[in-house]
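Structure below; questions to follow.
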Amino acid sequence: MLGSVASARLSFSKAKHLAAPVAGAVWLATVLGGFPPAPAAAATRAPARPEIVTSAYALAQLASYIGGKAVQVVDLAPPGAQPEGLSLTAAGRAAIEHAALVIDVGDGYQPQVEAAARSARRHLSLLPELSKQAQPFEFWLDPYLMSKAAVLIANQLVAVDPTERRVFENGSRNFQSVAVSIESDFESTFTDCTRNEFVTSDGAFQRLAASFDLVDVSVDATGVKKSADIVRQYSLPTVFSEVGVPSGLVQEVAKSARASVASLNPLELAPSPGGPAPLSYFSVMEFDLTALETPLACDTSGDSF
């Protein structure tokens with residue numbers, strides 16, 4: 001088993017440079033004909049890398065970061081589509097069947113994926129291992145839980161390919177160190193804020209908020225009228241839409257309460273092939289932290305970044 005979360009602290013401004021975007025992730029979809037074509041025969045073939053199938057982009061990023069060039073990561077979620085409730089294609093089912101390891105969110109986030117993964121050679125459902133609380137599903141927005149997920153994934157990768165143990169253990173330790181530093185930066189930022197409430201589209205940030213004594217008010221669950229009342233009651237200057245989530249209800253709240261609209265990234269959508277380079281996990285977390293600082297009236301005068 002790998003060790004517990006590393007205690008090293010790295011500055012957040014440095015942390016974002018240590019995580020590269022997913023390097024080997026492949027999107028499976030019928031429009032792409034399922035699996036990518038096999039490479040041309042060569043006189044000497046490199047050993048085949050274990051294929052690791054994930055069910056959400058954040059998991060693909062994490063598996064790629066830990067496994068590096070020792071694994072081939074396949075993300076089942078199509079670019080630009082919400083992964084929750086993902087419907088499997090024939091190619092996706094085949095990928096699960098042939099995978100060395102299937103990693104999904106679990107706890108009902110993607111029933112079709114979870115059902116198909118029960119017959120996989122090796123299967124890791126992360127959320128049930130990380131928390132007794134199933135919802136909100138987006139555990140990856142909590143850096144502490146992501147550092148724990150790194151340990152679980154590395155252990156599974158070692159079981160798949162023991163010859164690459166050092167690669168997987170080093171990748172996990174590096175991720176844990178930086179994730180812990182992100183958690184420390186969130187803690188120091190949110191310790192001294194005038195406001196504790198913020199309003200979002202669907203509550204994806206509720207787990208993160210609870211970790212730092214904040215309250216994420218979901219417009220989906222609370223309704224437009226009550227959400228607007230909360231904005232007025234606490235003099236919230238800004239409400240938040242979320243990347244990949246319809247913003248109509250948030251826009252209604254903003255109009256009713258005369259608040260501005262900013263954006264948070266719940267790290268749910270896989271990037272489109274040929275588009276801009278995907279942001280790393282650490283860059284997304286920095287983006288979200290920065291977006292929340294001013295609306296929550298946090299005192300960041302002592303921050304070094």
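Once R0 is set to 35 Å, what does the formula 1/(1 + (r/R0)^6) return for the Cβ-Cβ distance between residue 283 and residue 112, expressed as a FRET efficiency to the nearest 0.05?
E between residue 283 and residue 112, to the nearest 0.05, is 0.70.
Which distance in nm do the two modelled labels at residue 131 and residue 90 give, with both placed 7 Å along the Cα-to-Cβ direction?
Taking the simple label geometry, residue 131 and residue 90 are separated by 3.8 nm.
Arranged by the count of other C-beta atoms within 10 angstrom, fewest first, what order do 66, 182 take? Can you show the working numbers first?
Numbers: 66 28, 182 22.
Fewest to most other Cβ atoms nearby, the residues stand as 182, 66.
While we're looking at this one, here's another question. Quick check on the exposure proxy: order 296, 62 from fewest to most C-beta atoms within 10 angstrom. Please report the intermediate quantities before stating the final value.
Values: 296 20, 62 29.
If I rank by nearby Cβ atoms, fewest first, I get 296, 62.
What distance in nm separates the simple spin-label points at residue 159 and residue 195, each placed 7 Å from Cα in the Cβ direction?
It works out to 4.6 nm between the two label points.
Measure out, as a whole number of angstrom, how far apart the alpha-carbon centroids of the stretch 254-305 and the stretch 72-87 sit.
22
Tell me whether the stretch 189-293 comes out rounded, prolate or oblate; compute the Cα gyration tensor, take square roots of the eigenvalues as a ≥ b ≥ c, and use a/c under 1.5 as the rounded threshold. Don't skip to the end; give the middle numbers.
Working: a/c = 2.11, a/b = 1.39, b/c = 1.52.
Cα axes put the stretch 189-293 in the oblate bin.
Can you spot the aspartates and glutamates whose alpha carbon is less than 17 Å from residue 132's alpha carbon? Ignore those fewer than 8 places along the same chain.
The reachable aspartates and glutamates, counting only those whose Cα sits under 17 Å from residue 132, are 104, 107, 142.
What is the gain in length, in nm to one decimal, between residue 290 and residue 225 on full extension, counting 0.36 nm per residue of separation less the C-alpha to C-alpha distance? Provide the component values of the computation, followed by the final result.
Details: separation 65, 0.36 × 65 = 23.40 nm, distance 2.75 nm.
Extending this stretch completely gives an extra 20.6 nm.
Every number here is computed from the coordinates shown, using simple stated rules; none is lab data. Remember, it's a predicted structure, so these values are computed and weren't measured experimentally. Note that each Cβ is placed from the backbone with ideal geometry, even for glycine, and that neighbours are counted across all protein chains shown.
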